[in-house]
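First the structure, in the form of C-alpha cells, and then the observations on it.
The values are calculated or read from the model by the stated rules, or taken from the named source; none is laboratory data. Keep in mind that what you see is a predicted model, and the values were worked out from it rather than measured. So basically every Cβ, Gly included, is an ideal-geometry build from the backbone, and we count neighbours across all protein chains shown.
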C-alpha cells in the first residue's frame, strides 16, 4: 500500500485546527464564509453548523426570551444539529473516497475504531468554540478574581483536551492509511426529523388526511 499522494496526518490535523480557530475568530465579526477547497471546504461547512448551533443554544437559555422566540430557536437548533451530523458523515465519506482513489485498502484483520475521523473533527470544532468563548471571559471587567481563576483553569483543561484529541486523530488517520483500521459510515438515522418515524409527525399527517 502507498499513501504518498495522501495528506500527511500531522499537517492535516494542524490545518483543521487552524481553520476552526481562524473561522471562529472571523465569524464573530462577519457572516460565516467558506473560502476553502476540497476536504477542508467540507470540514469548514460542518464547523459552520456547530458555530450557528452554539449561538442558538445561548439564546435558548436566556430567561428574557419569549416563548415564541424559544420555539423558533428550538426549530433552528434541530435543523443545525441535523446538518451538523449529516456533514460529519460527509467528512468520513470524503476520506473513504480519498483512500479508495489512492489505493488504500484495509488489512483483512483491520479493526473498526469507536469514533470516526469526522466525529473527532466535530469534537475539535466544538472545542474551538469553547476555547474562544472561555478566552473571551478573561476580557471581562465586571467579574472578580475567583471567576477569572475558574475560567483560566477550564481554559487550560480545554486546551489540553484539544491537544490530546488532535494527537488521537493523527494516530487514527495513520492507522487508516496503513490499513490497520477500517473506516465505515453507519448514518446517524436520527428519528425526530423523519416524518415517517417520529410519531408526533406521522400521527398529525394521518389526522390531516
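The table below lists the values:
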{"read-out": "Test: residue in segment 113-127 that is surrounded by fewer than 13 Cβ atoms within 10 Å (Cβ to Cβ) and modelled with pLDDT under 95", "value": "yes"}
{"read-out": "Search result, residues across segment 140-166 that are assigned to a helix (DSSP H, G or I) and either touching a helix residue (DSSP H, G or I) at 6+ places or on another chain (Cβ under 8 Å) or surrounded by 15 or more Cβ atoms within 10 Å (Cβ to Cβ) (or both)", "value": "147, 148, 151, 154, 155, 158, 159, 161, 162, 165, 166"}
{"read-out": "Filter result (surrounded by 15 or more Cβ atoms within 10 Å (Cβ to Cβ) and over 26 Å from residue 13 (Cβ atoms)) within segment 128-139", "value": "137"}
{"read-out": "Hits in segment 76-112 - residues which are out of contact with any strand residue (DSSP E or B) (no Cβ under 9 Å at 6 or more places or on another chain), more than 21 Å from residue 47 (Cα to Cα) and either without any contact (Cβ under 8 Å) to a residue 60 or more places away in the chain or surrounded by 18 or more Cβ atoms within 10 Å (Cβ to Cβ) (or both)", "value": "99, 100, 101, 104, 108, 109"}
{"read-out": "Single match in 73, 65 (criterion: touching a helix residue (DSSP H, G or I) at 6+ places or on another chain (Cβ under 9 Å), over 30 Å from residue 179 (Cα atoms), surrounded by 15 or more Cβ atoms within 10 Å (Cβ to Cβ) and without any contact (Cβ under 8 Å) to a residue 24 or more places away in the chain)", "value": "73"}
{"read-out": "Any chance residue 45 is part of a loop (DSSP other than H, G, I, E, B), surrounded by fewer than 19 Cβ atoms within 10 Å (Cβ to Cβ), in contact with a helix residue (DSSP H, G or I) (Cβ under 9 Å, 6 or more places away or on another chain) and touching a residue at least 12 places away in the same chain (Cβ under 8 Å)", "value": "no"}
{"read-out": "Residue tally, condition more than 21 Å from residue 131 (Cβ to Cβ), touching a residue at least 40 places away in the same chain (Cβ under 8 Å) and under 16 Å from the mean Cα position of the chain (by Cα), over segment 7-42", "value": "2"}
